[in-house]
Structures are given as C-alpha cells and as structure tokens.
1. With each pseudo-label sitting 7 Å past Cα toward Cβ, what's the Met59-Phe29 distance in nm, one decimal?
2. With a 10 Å cut-off between alpha carbons and a GNM built on the chain, which of Gly65, Gly42, Gly83 moves the most?
3. Students often get this wrong, so check it: of Lys23/Lys113; Lys6/Lys101; Lys78/Lys101; Lys23/Lys122; Lys78/Lys104, which have C-alpha atoms separated by over 25 Å?
4. Using a 7 Å offset from the Cα along the Cα-to-Cβ direction at both Ser126 and Asn48, what is the distance between the two label points in nm, to one decimal?
5. Taking only complete DSSP H runs, can you tell me which helices of the chain stretch 15 Å or more along their own long axis by Cα positions and average at least -1.0 on the Kyte-Doolittle scale?
6. Calculate for the chain the 222 nm mean residue ellipticity that helices alone would give, adding -39,500 (n - 2.57) per DSSP H run of length 4 or more and normalising by residue count, nearest 500 deg cm²/dmol.
7. Using only the Cα atoms, what convex hull volume per residue in Å³ does the chain have?
8. At most 12 other Cβ atoms within 10 Å and a DSSP loop assignment: could you name the trypsin sites (Lys or Arg not before Pro) in segment 34-99 that fit?
Amino acid sequence: MNLDNKLSILLVEDNELNQRLMKISLARFNYIVTIAVNGLEGVQIFSNQRFDIILMDIMMPVMDGFESTKHIRNIEFKNPELGHIPIIAFTANTINNDREKCIKAGMDDILEKPFDIIKFRKVLSSLP
C-alpha cells in the first residue's frame with residue numbers, strides 16, 4: 001500500500017479516548033478518519049462508504065470485531081467490484097491466539113494497543 005496516498009480509514013473503536021488519540025495520530029499523515037463506535041455501526045458505515053483500510057477493535061459492545069469483519073467480508077463477497085479492503089485488528093490483548101483468530105475471521109493483520117503510528121505504517125507498507 002502506498003503510504004504517500006491520502007488514505008481513507010474507517011476506525012471502529014468504542015473507547016472515546018482511543019478514538020481521539022488515533023485520529024490525531026492519523027491526521028498527522030493527512031489520513032481521513034471516519035469513526036464508528038461499535039461493530040454494527042462500522043458495518044453500516046462500510047455498507048455506504050468506501051475506505052482504503054479499516055482499523056477494527058476486537059472487544060466492543062453491540063457487535064465485536066470478529067463478527068463485524070465477517071459481515072464486511074460477506075458484503076465484499078456479494079459485491080466483488082469492491083475488492084478486498086484490508087482490516088487491521090486493534091486490541092489490548094495479543095497473547096491469547098488473537099492473531100490466529102483474527103486471520104480466521106478475515107482480518108489481514110493485528111496491532112497491539114496503545115496505538116503506535118510507526119507500527120501502523122509498517123503494517124500498511126507490508127499490505128499489497
């Protein structure tokens with residue numbers, strides 16, 4: 001993925017402090033950030049708007065990141081013209097086989113909280 005592009009990012013995160021910190025960090029690189037406060041809202045926003053990448057919290061109320069990702073991948077399957085949108089899991093707990101669970105759910109990679117813009121850009125550069 002070209003890091004010089006002005007990327008459109010869907011941030012699916014229920015914690016308001018994390019939302020603000022991540023949006024500020026991402027804005028430094030002129031990324032356009034849309035926030036969804038839970039997984040269901042993330043799926044609804046994705047259904048109506050295109051993004052270059054999705055940052056997906058795993059543990060959220062209403063609908064968790066695993067279920068949200070399955071719904072998004074189903075939308076992509078039914079609409080092949082959308083292509084594959086990279087989904088990066090974002091979690092405070094990367095110890096309990098979360099990486100394997102995230103990949104099985106259709107996510108492309110995983111980042112650990114707290115958000116680190118350098119690690120995020122490294123993950124972005126590794127995406128096709």
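Quick note: the coordinates plus some simple rules give every number you see, no bench work behind them. None of the values given here were measured: they were computed from a predicted structure. We place every Cβ from the backbone using ideal geometry, glycine too, and count neighbours over all the protein chains shown.
1. Label at Met59, label at Phe29, 2.6 nm between them.
2. So, out of Gly65, Gly42, Gly83, the one fluctuating most is Gly83.
3. Beyond 25 Å: Lys6/Lys101.
4. With each label placed 7 Å out from Cα toward Cβ, I get 3.5 nm.
5. Working: long enough: 16-27 (16 Å, -0.01); 65-78 (20 Å, -0.95).
Result, helices passing both filters: 16-27, 65-78.
6. Details: 5 runs with 54 residues, N = 128.
So the helix-based figure for the chain works out to -12500 deg cm²/dmol.
7. Values: hull volume 12.5 nm³, N = 128.
Convex hull of Cα atoms, per residue: 97 Å³.
8. Details: sites: Arg50, Lys70, Arg73, Lys78, Arg99; in loops: Arg50.
Hits after loop and neighbour filter: Arg50.
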